[in-house]
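Report on the structure given below.
The values are calculated or read from the model by the stated rules, or taken from the named source; none is laboratory data. These numbers were taken from a predicted model, which means no experiment stands behind them. Quick reminder, even Gly has a Cβ in these numbers, built from the backbone with ideal geometry, and neighbours come from all protein chains shown. To get the accessible areas, we keep the full protein, side chains included, count just its heavy atoms, and leave off ligands, DNA and RNA. Shrake-Rupley method; radii C 1.70, N 1.55, O 1.52, S 1.80 Å.
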Amino acid sequence: MAEAISQVTQSHYPHPFKFFLVHEPHPNAFATPGGNVYVVDSLLYFVKNTEQLAGTLCHEVSHTIHRDAVARMEQDQKIKKREIGAAILLGPTLAQAMAISMIGELNSLAYSREVESSADVTGSDICAAAGYNPWGLVWLFQEFQNADSEQLPQLLSDHPVKVSRIQTLETHFRDKPFVFSKFNPDPKSATPFSLPKDASSMQFLRP
Ligand SMILES: [Zn+2]
């Protein structure tokens, strides 16, 4: 899957894409500047089919191609500078209080809905080009909406799922029928994906 996605995306990014599987309890996936894409092993248990997993990888690669993480880090720096400037004016006690609130703010900084939708759209183009049904991302969002809030994966807090993200994708699919009409929107057509329960202890992913 990683190879198929790299093949259709590599010409859009100057550094080689590398995919890493990391062990964490909360299903998640994220991309860092430089071409590294991290997939948490728990996600492999959360997804129900190949298309959902492919959709997630394509979405993350799109963040990299769009250089979203770099833009967000620059935004973080701006917030930090502004808060430090304010803290100097206010004195040490208030400065400390602000430092604490700043940590919270930095942690809660997520991509905007526009940035997410844009990564969804590019991701769906990538999936289609790599031969994976791009409806997988829509199916994944539907999964999130149906999951009870206790079990909601970390992925959701980084990637707020809104009906509008599904709608943006559906509009994109309709606008480019020459690319998307050949893909089946019915989740029943998905390729089931499941791992043995003890897969993480098998060390099958040693470099
Ligand atoms: Zn995202």
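Quick notes on this structure:
- Failed item in (1) within 16 Å of the ligand (Cβ to nearest atom); (2) at pLDDT 95 or above, with Thr171 passing the rest: (1)
- Residue pairs whose Cβ atoms lie under 8 Å apart, sitting 6 or more positions apart in sequence or on different chains, and linking a residue in region 189-207 that is at pLDDT 85 or above to a partner that is part of a loop (DSSP other than H, G, I, E, B) and surrounded by 12 or more Cβ atoms within 10 Å (Cβ to Cβ), are Ser189/Asn133; Ala190/Lys48; Ala190/Asn133; Pro192/Lys48; Phe193/Val47; Phe193/Lys48.
- Where Ala71 falls short, out of the listed (1) within 14 Å of the ligand (Cβ to nearest atom); (2) at pLDDT 90 or above: (2)
- Residues located in region 47-59, provided they are in a helix (DSSP H, G or I), buried (at least 19 other Cβ atoms within 10 Å of the Cβ) and touching a strand residue (DSSP E or B) at 6+ places or on another chain (Cβ under 9 Å): Leu53, Thr56, Leu57, His59
- Qualifying residue in region 21-33 (condition: open to solvent by 20 Å² or more (accessible area, probe 1.4 Å), among the polar types (S, T, N, Q) and either touching a helix residue (DSSP H, G or I) at 6+ places or on another chain (Cβ under 7 Å) or more than 16 Å from the ligand (Cβ to nearest atom) (or both)): yes
- Enumeration of residues in region 120-157 that are among the small types (Gly, Ala, Ser), at pLDDT below 95 and within 13 Å of the ligand (Cβ to nearest atom): Ser157
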